[in-house]
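Engineer: Following this message is one structure expressed as structure tokens.
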Amino acid sequence: MEPNMTSLIMIFGATGDLAKRKLFPSLYRLFERGKLSEQFAVIGVARRQLSNDGFQQSVKESVAAALGEKGNLDQFASHFYYQSHDVSDSDSYISLKKLADEIDEHYHLNGNRIFYLAMAPEFFGTIALHLKADGLTDVTGYKRLVIEKPFGHDLESAKELNKQIRTAFSEEEIYRIDHYLGKEMVRNIEVIRFANAIFEPLWNNRYISNIQITSSETLGVEERGRYYDSSGALRDMLQNHMLQIVALLAMEPPISLTTDEIRSEKVRVFRSLRTIESHEISDYFVRGQYGEGIINGEQVPKYRDEPMVDTESNTETFVAGKVMIDNFRWAGVPFYIRTGKRMETKSTKVVIQFKDIPMNLYYQPEKMLNPNLLVIHIQPEEGLTLHLNAKQAGGHLNAQEVKLSFSNSGTYTMNTPEGYEKLLFDCMRGDATNFTHWDEVAYSWAFVDKISQVWARTKADFPNYPSGSMGPEAADRLLEKDGYHWWPITDLEVENCR
Ligand code: NAD
């Protein structure tokens, strides 16, 4: 058993979607694997009136829905308590403190507390201020704040939010969730890079021509129209998840694997991002919004016809960009990133394209020699593929592409609780490496704000890509003008992984 795994976890927003689909199943898995001791308890906090029994029933149902029926669910759920709460009312916090103190004593939790804010972001600041003012953070053990995205709407609002939560928690006590950092293959990037003699020497502008990161969804905006229409793909995906992947791919080897060393190398990448001036945005970034189309054989509506979306909405549901990292290692290597909703396929992949060899000695019918590619498959399949050229069997010295594939035997379905399980475990152990530091948040907002400010001022010609496609044509031209093209995602699948 890890030290200090005893903890009282308070989940604010415990009747919400995130708690039910991700947090309860993840806690259960930790419990099932013996990673939680008997000394843990959870207080679910939310607006509605609910008894402890009613809450425990909902916890059991959530776990069963995610993981199937389990024998020890009653034992697990017995650690859960419920408190109905109004986030802006001090009396609510005072009752919560009383309950927390009683539970702490009952389970011998040594005053260790994790406050998990799984609610709408407008409440984050208020809750943090009350936690301090009403004495909930006044503990003898550790206190940690886990905070969901979005962390602000732009740099200014992020600063304001940070100021509020810093009144109650120090930077070391704040765990800003980026659930992509819980994904197995995202965590694998540093191991692939720094544990392989055949990659690290080539991992620079002398051998790599470009890097492509795609995160595509087939889903539309679903029931998140109200939030999404004021956010868009740039803020919802690129500012956090996509730029975090860029940082992991581009960072220098850290001196050691400590939280501070890794984070400071990532921050140096953010500091090296080329600043794009307002008049240059269209040279580097493309926005899109889905029109109607066909997904999995079904006709789907355009974004502007989705519930709670403005019928004249100027919000992008797709973004593609060229990110340049102006440092010694990466000067001249474009990192192309794209993400969008209602795209042809559901996939997150990184393609590292190596430079062409100086001369092609081998005949390949009707085409050039294929460049070497290293493909990191993040989701839904998890694995690695190395595209090489080898002699065609039997024939002359003709080269043909062969793929060396590794696939994780892990989970292959999107949005499994896996990532959250790892992140919750990390938080309980006090390991903040896979959470985002304020400096990373600030630099990435500064980068994204330049783009969103220009886009907010100019009306786009939307919709500009049909549902079921890989985005607007302008995203293809972004690469074509540099002499590249997007590697077709559907041709890159890891073989034998399902
Ligand atoms: P939700 O709307 O399903 O749940 C919100 C919760 O907050 C409910 O438990 C509700 O009772 C509670 N609440 C709302 N107003 C309250 C008030 N005034 N006082 C007390 N409780 C109140 O939201 P969600 O989908 O669970 O998302 C929660 C957070 O997690 C958001 O920041 C969201 O952006 C983030 N997030 C969610 C997901 C997901 O898969 N659902 C994924 C990534 C991030």
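The values are calculated or read from the model by the stated rules, or taken from the named source; none is laboratory data. Owing to the predicted nature of the structure, the values given are computational and were not obtained by experimental measurement. So basically every Cβ, Gly included, is an ideal-geometry build from the backbone, and we count neighbours across all protein chains shown. Accessible surface areas use protein heavy atoms only, side chains included; no ligands, DNA or RNA. Shrake-Rupley method; radii C 1.70, N 1.55, O 1.52, S 1.80 Å.
Engineer: Looking at region 1-59 only, could you name the residues that are under 24 Å from residue 110 (Cα atoms), open to solvent by 10 Å² or more (accessible area, probe 1.4 Å) and of a type in the set (Val, Ile, Thr)?
Structural biologist: Matches in region 1-59: 6 only.
Engineer: State whether one or more residues within region 294-305 are of a type in the set (Val, Ile, Thr), over 22 Å from residue 230 (Cα atoms), open to solvent by 20 Å² or more (accessible area, probe 1.4 Å) and in a strand (DSSP E or B). Full working, then the answer.
Structural biologist: As a first pass, look at region 294-305 and keep what is of a type in the set (Val, Ile, Thr): 294-295, 300.
Still in the running and over 22 Å from residue 230 (Cα atoms): 294-295.
When the remaining residues are screened for being open to solvent by 20 Å² or more (accessible area, probe 1.4 Å), the result is 294.
From what is left, the residues that are in a strand (DSSP E or B) are 294.
Yes, region 294-305 has at least one match.
Engineer: Still on this structure, please answer the following. For region 307-343, give me the residue count where each residue is under 22 Å from residue 225 (Cβ atoms) and surrounded by fewer than 24 Cβ atoms within 10 Å (Cβ to Cβ).
Structural biologist: Matching residues across region 307-343 total 8.
Engineer: Shifting gears a bit: Quick one: residue 402 ticks every box in (1) at pLDDT 95 or above; (2) open to solvent by 40 Å² or more (accessible area, probe 1.4 Å) except a single one, so which number is it?
Structural biologist: (1)
Engineer: What are the residues in region 60-69 that are open to solvent by 60 Å² or more (accessible area, probe 1.4 Å) and either more than 16 Å from residue 23 (Cβ to Cβ) or modelled with pLDDT under 95 (or both), if any?
Structural biologist: 69
Engineer: Go through region 421-441 residue by residue and tally those that are assigned to a helix (DSSP H, G or I) and either basic (Lys, Arg) or open to solvent by less than 20 Å² (accessible area, probe 1.4 Å) (or both).
Structural biologist: Adding up the residues that qualify gives 10.
Engineer: Would you check which residues across region 89-114 are within 15 Å of the ligand (Cβ to nearest atom) and surrounded by fewer than 12 Cβ atoms within 10 Å (Cβ to Cβ) and list them?
Structural biologist: Answer for region 89-114, where residues must be within 15 Å of the ligand (Cβ to nearest atom) and surrounded by fewer than 12 Cβ atoms within 10 Å (Cβ to Cβ): 90, 91.
This table checks each residue for (1) more than 11 Å from the ligand (Cβ to nearest atom); (2) not in a helix (DSSP H, G or I).
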| residue | (1), (2) |
| --- | --- |
| 15 | no, yes |
| 21 | no, no |
| 27 | yes, no |
| 31 | yes, no |
| 75 | yes, no |
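Engineer: Further, regarding this structure: From the list 38, 69, 61, pick out the single residue that is of a type outside the set (Lys, Arg), farther than 26 Å from residue 430 by Cα, more than 10 Å from the ligand (Cβ to nearest atom) and part of a loop (DSSP other than H, G, I, E, B). Give the steps one after another, and end with the answer.
Structural biologist: On the way: 38 fails: farther than 26 Å from residue 430 by Cα; 61 fails: part of a loop (DSSP other than H, G, I, E, B).
Exactly one residue qualifies, and that residue is 69.
Engineer: Among the residues of region 206-228, is any among the basic types (Lys, Arg) and in contact with a Lys or Arg (Cβ under 9 Å, 6 or more places away or on another chain)?
Structural biologist: Among the residues of region 206-228, at least one is among the basic types (Lys, Arg) and in contact with a Lys or Arg (Cβ under 9 Å, 6 or more places away or on another chain), which makes the answer yes.
Engineer: For the list (1) modelled with pLDDT under 85; (2) in contact with a Leu (Cβ under 9 Å, 6 or more places away or on another chain); (3) of a type in the set (A, V, I, L, M, F, W, C), I need the number of the one condition that residue 351 fails.
Structural biologist: (1)
Engineer: Let me ask something additional. So, of the residues in region 125-183 that are of a type in the set (Lys, Arg) and within 12 Å of the ligand (Cβ to nearest atom), which turns out to be most open to solvent (accessible area, probe 1.4 Å)?
Structural biologist: Ranking the candidates gives 149 first.
Engineer: Now for a separate question. Scan 226, 274 and give me the residue that is of a type outside the set (Phe, Trp, Tyr), modelled with pLDDT under 95 and more than 22 Å from residue 345 (Cβ to Cβ). Working first, answer last.
Structural biologist: Working: 274 fails: modelled with pLDDT under 95.
Answer to the selection: 226.
Engineer: Which residue is farthest from residue 119 (Cα to Cα), if the candidates are limited to region 77-88 and must be open to solvent by 30 Å² or more (accessible area, probe 1.4 Å) and within 16 Å of the ligand (Cβ to nearest atom)?
Structural biologist: 81
Engineer: Can you tell me which of 114, 94 is in a helix (DSSP H, G or I), within 16 Å of residue 10 (Cα to Cα) and either in contact with a Gly (Cβ under 6 Å, 6 or more places away or on another chain) or at pLDDT 95 or above (or both)?
Structural biologist: Numbers: 114 fails: in a helix (DSSP H, G or I).
Selected residue: 94, the only one of 114, 94 that is in a helix (DSSP H, G or I), within 16 Å of residue 10 (Cα to Cα) and either in contact with a Gly (Cβ under 6 Å, 6 or more places away or on another chain) or at pLDDT 95 or above (or both).
Engineer: Taking interchain pairs and intrachain pairs at least six residues apart, which have beta carbon atoms under 6 angstrom, with the first residue in region 271-291 and more than 14 Å from residue 454 (Cα to Cα) and the second part of a helix (DSSP H, G or I)?
Structural biologist: 273/447; 289/303; 290/303
Engineer: Still on this structure, please answer the following. Mind checking which strands (runs of 3 or more DSSP E) fall wholly inside region 130-218 and carry at least 2 residues that are of a type in the set (Lys, Arg)? Step through it out loud before you land on a result.
Structural biologist: Working: elements: 143-147, 174-176, 208-216.
Answer list for region 130-218: 143-147.
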